[in-house]
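Below is one structure, written out as structure tokens; comments come after it.
Please treat every number below as a calculation from the coordinates, not as lab data. Owing to the predicted nature of the structure, the values given are computational and were not obtained by experimental measurement. Cβ sites come from the backbone with ideal geometry, for glycine too, and all protein chains shown count toward neighbours.
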């Protein structure tokens with residue numbers, strides 16, 4: 001083979017290899033893109049599935065916690081209803097009124113449930129006793145010069161419930 | 001007769017012949033490569049798909065493990081809440097009730 005033959009053969013081989021390399025690079029790039037897209041889709045799909053599973057699991061735990069909280073507070077409310085029929089409840093109302101008087105520096109109004117109106121009027125004198133429809137479970141809201149103190153069972157139940165929810169969360 | 005040929009002319013003729021061959025090869029490569037390209041492309045796609053399938057299998061296994069872990073944690077949490085309620089429920093109710101009826 002002459003030198004010129006070799007040169008031409010090399011040029012031919014180089015051109016072919018060059019084309020093949022370019023083609024391979026292009027196909028590799030296509031395959032790489034396909035894998036990248038596939039991995040992204042799988043990751044998204046799995047992540048979505050995992051999130052759904054976590055949410056479902058949390059929902060179940062939350063529902064169970066709520067069930068116990070409701071059970072506990074249903075019993076407490078029942079006990080409060082019974083408590084309102086006792087002499088101790090009248091003591092409770094009197095103590096609340098005295099405490100409010102001390103803390104607020106006097107009393108101008110006391111709000112109670114309709115059923116507690118007469119009891120409260122017997123406990124305090126010189127104070128306006130009114131019905132407040134927001135009070136459902138008992139207790140009083142005391143007022144003096146625009147300042148109020150809330151001793152209602154309704155408010156106390158809410159506060160106790162928040163504390164109890166935290167307690168259950170810590171289990 | 002060959003011996004009498006001018007070496008330069010002979011080389012020129014050979015060069016033309018080789019160049020024509022090279023051109024033919026280019027064309028042939030071009031024609032063959034269409035099918036060849038598709039074949040190579042298919043192979044690459046199949047390989048990429050295999051990689052994706054393997055990745056999916058691994059991720060699925062990983063996901064199932066994580067889900068199992070979440071389930072175990074949930075079951076454990078539910079069990080702990082039940083045990084706590086069974087042993088302390090009455091006490092909790094009593095504490096809450098006393099706290100509510102306290103005027104302090």
Taking beta carbons within 10 Å but only from partner chains, what does the mean come to for residues A:112-125? 0
Which of these, A:82, A:21, A:144, has the largest mean-square fluctuation under a Gaussian network model of chain A (Cα springs below 10 Å)? A:21
Separation in nanometres of the label points that stand 7 Å from Cα toward Cβ, at residue B:104 and residue A:165: 2.7 nm
Peptide A:23-31, shielding by other chains (average Cβ, 10 Å cutoff): 4
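Normalising by the residue count of chain A, find the relative contact order in percent from Cα pairs under 8 Å and 6+ residues apart. Intermediate results must be reported in sequence, preceding the final value.
Numbers: 119 pairs, mean separation 27.2, N = 171.
Relative contact order comes out at 16 percent.
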Distance between modelled label sites at residue A:54 and residue B:76, nm, 7 Å Cα→Cβ extension: 1.7 nm
Fewest to most Cβ atoms within 10 Å: A:53, B:62 sort as B:62, A:53
Rounded to whole Å and ordered largest first, report the semi-axes of the equivalent ellipsoid of the range A:86-169 derived from its Cα gyration tensor (root of 5λ). 24, 15, 12
Can you put A:153, B:97 in order of Cβ neighbours within 10 angstrom, beginning with the fewest? B:97, A:153
Between the helical axis of A:153-169 and the dominant principal axis of chain A, each derived from Cα atoms, what acute angle in degrees is found, rounded to the nearest 10? 30 degrees
Want the number for residue B:83 to residue B:62: 0.36 nm per residue separation, take away the alpha-carbon distance, what's left? 4.4 nm
Within a 10 angstrom radius of each residue's Cβ in B:87-97, how many Cβ atoms of other chains show up on average? Whole number is fine. 5
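When N counts the residues of the protein assembly as shown, how does its alpha-carbon radius of gyration compare numerically with 2.2 N^0.38 Å, as a ratio?
Scaled against compact globular proteins, the figure is 2.38.
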